[in-house]
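All remarks here apply to the structure that follows.
Every number in this text was worked out from the coordinates using simple rules, so none of it is lab data. Nothing here was measured: the structure is a model prediction, and the numbers come from that model. Note: ideal-geometry Cβ built from the backbone for every residue, glycine included; neighbour counts use all protein chains shown.
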Amino acid sequence: MFDIAKNGIITITRGDSAETSLYINIGTELEPLITKLGDNDKVYLGVMEPNQLFEDAIIKKVYTKDDHKDEDDPEALTISFDCEDTENLLPGVYYYSIKLYRPGDGL
């Protein structure tokens with residue numbers, strides 16, 4: 001089972017695999033500006049246990065412009081969890097964070 005609630009809570013059954021779309025909003029929630037990743041852009045996804053740093057994530061993923069796979073929705077970035085990502089997780093609450101890296105943005 002894989003579900004993303006409107007409040008951003010993700011529910012996944014241990015050992016399952018799942019795929020979903022992610023939109024990169026460089027605007028605001030009220031005035032979204034959805035964008036595709038550029039040649040050197042990267043999106044980092046981390047799943048952490050409570051009170052853990054992003055750098056200590058137990059699931060780490062990196063996505064690039066090549067992960068815009070949906071031809072019907074070219075702005076959607078396809079993120080996925082493989083069964084190997086979740087098979088050893090203990091039941092409980094985990095937190096996720098998604099970070100966009102754009103070289104040359106002065107960050």
*So how much slack lies between residue 72 and residue 17, counting 0.36 nm per residue of separation and subtracting their Cα-Cα distance, in nm?*
17.6 nm
*Grab the alpha carbons of segment 1-71, take their convex hull, and tell me the volume per residue in Å³.*
143 Å³
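Taking square-rooted eigenvalues a ≥ b ≥ c of the alpha carbon gyration tensor, is segment 51-107 rounded, prolate or oblate, where a/c under 1.5 means rounded and, failing that, a/b exceeding b/c means prolate?
Numbers: a/c = 2.82, a/b = 1.33, b/c = 2.13.
Oblate shape, in that a/c is at least 1.5 and b/c is the bigger or equal ratio.
So for the chain: antiparallel DSSP bridges make up what percent, rounded to the nearest 5? Please report the intermediate quantities before stating the final value.
Details: 23 of 23 bridges.
Taking every DSSP beta bridge within the chain, about 100 percent pair in antiparallel fashion.
Determine, for segment 17-102, the count of lysine pairs separated by eight or more sequence positions (or lying on different chains) whose alpha-carbon distance falls under 14 Å. Before the final figure, lay out the partial values.
Details: 36/65; 36/69; 42/60; 42/61; 42/65; 42/99; 60/99; 61/99.
Lysine pairs satisfying the spacing and distance rule in segment 17-102 number 8.
Kindly provide the chymotrypsin sites (Phe, Trp or Tyr not before Pro) of segment 20-107 that DSSP labels as loop, not H, G, I, E or B, and whose Cβ sees at most 15 other Cβ atoms within 10 Å. Mind dumping the intermediate values first?
On the way: sites: 23, 44, 54, 63, 81, 94, 95, 96, 101; in loops: 94.
In loop regions of segment 20-107 (DSSP not H, G, I, E or B), there are no sparsely surrounded chymotrypsin sites (Phe, Trp or Tyr not before Pro).
Of all GluC sites (Glu not before Pro) in segment 1-90, which ones are in loop regions per DSSP and have a Cβ with at most 11 other Cβ atoms within 10 Å? All intermediate terms of the calculation are to be shown ahead of the outcome.
Working: sites: 19, 29, 55, 71, 75, 84, 87; in loops: 29, 71, 75, 87.
Here the GluC sites (Glu not before Pro) that fit, given the DSSP loop and packing criteria, are 29, 71, 87.
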*What's the FRET efficiency of residue 59 with residue 39 using the Cβ-Cβ distance as r and R₀ = 30 Å, to the nearest 0.05?*
0.70
_Residue among 72, 16, 56 with the largest mean-square fluctuation in a Gaussian network model of the chain, springs linking Cα atoms under 10 Å_ = 72
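Report the Stokes-Einstein translational diffusion coefficient (µm² s⁻¹, integer) for segment 33-78, Rh taken as the Kirkwood radius over Cα pairs, at 20 °C with viscosity 1.002 mPa s. Mind dumping the intermediate values first?
Numbers: Rh = 12.0 Å.
It diffuses with D of about 179 µm²/s by this estimate.
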*Name the trypsin sites (Lys or Arg not before Pro) in segment 1-87 that are in a loop by DSSP and that have at most 13 other C-beta atoms within 10 Å, would you?*
6, 14, 36, 69
